[in-house]
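A.B. asks: Got a structure for you, written out below as structure tokens; questions coming shortly.
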Ligand SMILES: C[S@@+](CC[C@H](N)C(=O)[O-])C[C@H]1O[C@@H](n2cnc3c(N)ncnc32)[C@H](O)[C@@H]1O
Ligand code: SF4
């Protein structure tokens with residue numbers, strides 16, 4: 001088996017380069033949320049066992065060179081897997097990959113999937129950070145968002161995780177939900193802060209193509225309100241920073257020492273390897289995506305071939321442009337040299353109060369952050 005793995009890796013030299021950041025995608029969810037465009041599938045009988053085996057096989061055949069410093073297991077909802085499936089998955093990963101250098105090891109959970117046994121098992125396998133999707137504390141908005149859990153479940157799951165020893169917990173929130181009032185948003189922020197997670201992600205709802213929400217937007221049932229989104233965003237920055245959560249990226253806030261190292265590496269343009277259906281990888285000048293179809297992904301691995309959907313060679317300028325776009329979203333900002341080719345535009349953005357110096361670096365002002373995507377599009 002080892003010889004076969006070596007042969008396959010040798011045939012795919014792009015996989016030999018050791019990425020220091022590993023992503024693993026588990027697509028299953030208990031229920032599909034109407035706004036979500038991640039590759040996902042309803043957890044059902046007979047689907048999860050073959051996927052677990054296929055991911056272990058992918059790690060064995062194509063991941064052996066990766067000694068990750070950060071790991072992020074996302075989805076979907078990885079904890080939609082049963083305790084025994086999770087145990088098998090982690091035993092298999094530990095068998096084929098060296099996970100001992102992962103200082104940060106995150107897994108995503110939906111509050112409805114958290115149990116003490118799962119929390120303890122994952123902790124025993126080295127997971128030291130959990131990111132849980134809360135979205136809102138308002139019962140009506142949870143229904144609008146098609147969430148499978150209620151507010152009480154969030155509280156219960158949070159205490160289970162703390163009791164299991166997790167000292168690095170993130171909670172995800174969404175603002176700009178149809179019908180959401182500023183008071184409801186403030187209430188969600190206050191209740192989230194009251195739990196004292198170590199990290200909070202506050203995302204503005206995006207209407208992603210191929211989602212039910214997008215269709216409802218097209219039909220005129222929902223309407224985007226960017227002015228209101230800006231008010232919600234600013235209130236988020238205010239309340240979270242007053243509560244000791246420093247904004248370090250447009251949607252991300254952390255207590256001291258609790259920024260997400262995996263996401264930071266990604267935004268700073270580091271190489272990463274992705275395993276599992278639909279997962280993207282970027283290594284050197286190559287970027288590829290695994291097949292975004294669980295059954296086809298499983299078939300490919302059963303046949304011992306790379307579960308590849310597409311692969312491209314990235315021009316150096318594309319990676320540079322991506323670093324600028326991500327850098328603009330970060331409060332630490334950019335090295336001015338990265339914008340050296342855009343002197344006139346940078347000067348006019350400064351004059352408009354959208355860009356500012358931040359020590360030796362340059363970054364968006366609070367007002368500029370509201371227009372981050374438009375400014376990035378102009379600069380790259
Ligand atoms: C993979 S999910 C997190 C774990 C789990 N599946 C859950 O939903 O509880 C990743 C996060 O992306 C955010 N998200 C997903 N779709 C979004 C959208 N259309 N707009 C804004 N945020 C979105 C949500 O906050 C969600 O918690
Ligand atoms: S938001 Fe989370 S639970 Fe909902 S469909 Fe997306 S991945 Fe699944």
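The values are calculated or read from the model by the stated rules, or taken from the named source; none is laboratory data. Source: prediction; values computed, not measured. Methodologically, a virtual Cβ is constructed for each residue, glycine included, from the backbone with ideal geometry; neighbour enumeration extends over all protein chains shown.
A.B. asks: Among residues belonging to region 86-136 that are assigned to a loop (DSSP other than H, G, I, E, B) and crowded, with 21+ Cβ neighbours inside 10 Å, point out the one that is farthest from ligand 1 (Cβ to nearest atom). Spell out how you get there, then give the answer.
C.D. replies: Residues of region 86-136 that are assigned to a loop (DSSP other than H, G, I, E, B), as a first pass: 97-103, 110, 114-115, 125-128, 136.
When the remaining residues are screened for being crowded, with 21+ Cβ neighbours inside 10 Å, the result is 97, 102, 110, 114, 127, 136.
Working: 97: 22, 102: 20, 110: 4, 114: 10, 127: 14, 136: 10 Å.
Among residues in region 86-136 that are assigned to a loop (DSSP other than H, G, I, E, B) and crowded, with 21+ Cβ neighbours inside 10 Å, the one farthest from ligand 1 (Cβ to nearest atom) is 97.
A.B. asks: On the given criteria, is residue 197 buried (at least 20 other Cβ atoms within 10 Å of the Cβ), within 14 Å of residue 173 (Cβ to Cβ) and in contact (Cβ under 8 Å) with a residue 12 or more places away in the chain? So that I can check it myself, show each step before the final result.
C.D. replies: On the way: buried (at least 20 other Cβ atoms within 10 Å of the Cβ): yes; within 14 Å of residue 173 (Cβ to Cβ): yes; in contact (Cβ under 8 Å) with a residue 12 or more places away in the chain: yes.
It is true that residue 197 is buried (at least 20 other Cβ atoms within 10 Å of the Cβ), within 14 Å of residue 173 (Cβ to Cβ) and in contact (Cβ under 8 Å) with a residue 12 or more places away in the chain.
A.B. asks: Looking at (1) within 23 Å of the chain's Cα centre (by Cα); (2) more than 16 Å from ligand 2 (Cβ to nearest atom); (3) within 27 Å of residue 328 (Cβ to Cβ), find the lone condition where residue 227 falls short.
C.D. replies: Residue 227 satisfies every listed condition except (1).
A.B. asks: How many of the residues in region 207-225 are out of contact with any helix residue (DSSP H, G or I) (no Cβ under 8 Å at 6 or more places or on another chain) and loosely packed, with under 15 Cβ neighbours inside 10 Å?
C.D. replies: Taking region 207-225 and keeping what is out of contact with any helix residue (DSSP H, G or I) (no Cβ under 8 Å at 6 or more places or on another chain), we get 209-221, 225.
Those left that are additionally loosely packed, with under 15 Cβ neighbours inside 10 Å: 209-210, 212, 215, 218-221, 225.
Residues in region 207-225 being out of contact with any helix residue (DSSP H, G or I) (no Cβ under 8 Å at 6 or more places or on another chain) and loosely packed, with under 15 Cβ neighbours inside 10 Å: 9 in total.
A.B. asks: Looking only at region 157-192, count how many residues are out of contact with any helix residue (DSSP H, G or I) (no Cβ under 8 Å at 6 or more places or on another chain) and surrounded by fewer than 17 Cβ atoms within 10 Å (Cβ to Cβ).
C.D. replies: Count: 6.
A.B. asks: Tally up the residues in region 165-187 that are within 16 Å of ligand 2 (Cβ to nearest atom) and in contact with a strand residue (DSSP E or B) (Cβ under 7 Å, 6 or more places away or on another chain), please.
C.D. replies: 7
A.B. asks: Going by the structure shown, is residue 74 within 10 Å of ligand 2 (Cβ to nearest atom) and either at pLDDT 95 or above or touching a strand residue (DSSP E or B) at 6+ places or on another chain (Cβ under 7 Å) (or both)? Lay out the reasoning, then the answer.
C.D. replies: Values: within 10 Å of ligand 2 (Cβ to nearest atom): yes; either at pLDDT 95 or above or touching a strand residue (DSSP E or B) at 6+ places or on another chain (Cβ under 7 Å) (or both): yes.
Judged against the criteria, residue 74 is a match.
A.B. asks: OK, next. Is at least one residue of region 146-169 part of a strand (DSSP E or B), closer than 19 Å to residue 238 by Cα and either away from ligand 1 (no atom under 16 Å from the Cβ) or under 22 Å from the mean Cα position of the chain (by Cα) (or both)?
C.D. replies: Of region 146-169, the ones part of a strand (DSSP E or B) are 169.
Checking which are closer than 19 Å to residue 238 by Cα leaves us with none.
No, region 146-169 contains no residue that is part of a strand (DSSP E or B), closer than 19 Å to residue 238 by Cα and either away from ligand 1 (no atom under 16 Å from the Cβ) or under 22 Å from the mean Cα position of the chain (by Cα) (or both).
A.B. asks: Out of region 298-329, which residues are touching a helix residue (DSSP H, G or I) at 6+ places or on another chain (Cβ under 6 Å) and under 30 Å from residue 201 (Cβ atoms)?
C.D. replies: Residues of region 298-329 that are touching a helix residue (DSSP H, G or I) at 6+ places or on another chain (Cβ under 6 Å), as a first pass: 298, 301, 307, 324-326, 328-329.
Within region 298-329, 307, 324, 325, 326, 328, 329 meet the criteria.
A.B. asks: Just to confirm my filter: which helices (runs of 4 or more DSSP H) fall fully inside region 282-380 and include at least 1 residues that are more than 30 Å from residue 231 (Cβ to Cβ) and modelled with pLDDT of 95 or more?
C.D. replies: Numbers: elements: 294-302, 316-329, 343-351, 366-369, 372-379.
Of the helices (runs of 4 or more DSSP H) lying wholly inside region 282-380, those with at least 1 residues that are more than 30 Å from residue 231 (Cβ to Cβ) and modelled with pLDDT of 95 or more span 294-302.
A.B. asks: Out of region 170-182, which residues are more than 22 Å from the chain's Cα centre (by Cα) and either closer than 15 Å to residue 115 by Cα or touching a residue at least 12 places away in the same chain (Cβ under 8 Å) (or both)? Steps first, please.
C.D. replies: Step one: list which residues in region 170-182 are more than 22 Å from the chain's Cα centre (by Cα), which gives 178-182.
Answer for region 170-182, where residues must be more than 22 Å from the chain's Cα centre (by Cα) and either closer than 15 Å to residue 115 by Cα or touching a residue at least 12 places away in the same chain (Cβ under 8 Å) (or both): 178, 179, 180, 182.
A.B. asks: Something else: Is it true that residue 154 is over 16 Å from residue 74 (Cα atoms), touching a strand residue (DSSP E or B) at 6+ places or on another chain (Cβ under 9 Å), within 13 Å of ligand 2 (Cβ to nearest atom) and modelled with pLDDT of 95 or more? Reasoning before the result, please.
C.D. replies: Details: over 16 Å from residue 74 (Cα atoms): yes; touching a strand residue (DSSP E or B) at 6+ places or on another chain (Cβ under 9 Å): yes; within 13 Å of ligand 2 (Cβ to nearest atom): no; modelled with pLDDT of 95 or more: yes.
Judged against the criteria, residue 154 is not a match.
A.B. asks: Hey, does region 61-70 have a residue that's surrounded by fewer than 22 Cβ atoms within 10 Å (Cβ to Cβ), within 15 Å of ligand 1 (Cβ to nearest atom), modelled with pLDDT of 95 or more and under 20 Å from the mean Cα position of the chain (by Cα)?
C.D. replies: Just the residues of region 61-70 that are surrounded by fewer than 22 Cβ atoms within 10 Å (Cβ to Cβ), to begin with: 64-65, 67, 69.
In the following step, the residues that additionally are within 15 Å of ligand 1 (Cβ to nearest atom) were identified as none.
Checked region 61-70: no residue is surrounded by fewer than 22 Cβ atoms within 10 Å (Cβ to Cβ), within 15 Å of ligand 1 (Cβ to nearest atom), modelled with pLDDT of 95 or more and under 20 Å from the mean Cα position of the chain (by Cα).
A.B. asks: Also, quick follow-up: Are any residues in region 202-249 under 16 Å from residue 141 (Cβ atoms) and touching a strand residue (DSSP E or B) at 6+ places or on another chain (Cβ under 8 Å), and if so, which ones?
C.D. replies: Within region 202-249, 202, 203, 204, 205, 229, 232, 236 meet the criteria.
A.B. asks: Filter region 26-52 for residues that are closer than 19 Å to residue 216 by Cβ and touching a helix residue (DSSP H, G or I) at 6+ places or on another chain (Cβ under 7 Å) and give the result.
C.D. replies: 34, 35
A.B. asks: What is the number of the single condition among (1) under 20 Å from residue 296 (Cα atoms); (2) assigned to a helix (DSSP H, G or I) that residue 74 does not meet?
C.D. replies: Every condition holds for residue 74 apart from (2).
A.B. asks: Moving on to the next point. Criterion first (under 22 Å from residue 200 (Cα atoms), surrounded by fewer than 23 Cβ atoms within 10 Å (Cβ to Cβ) and in the same structural domain as residue 263 (by TED's automatic domain parsing)) does residue 83 satisfy it?
C.D. replies: Values: under 22 Å from residue 200 (Cα atoms): no; surrounded by fewer than 23 Cβ atoms within 10 Å (Cβ to Cβ): yes; in the same structural domain as residue 263 (by TED's automatic domain parsing): yes.
So residue 83 fails the test.
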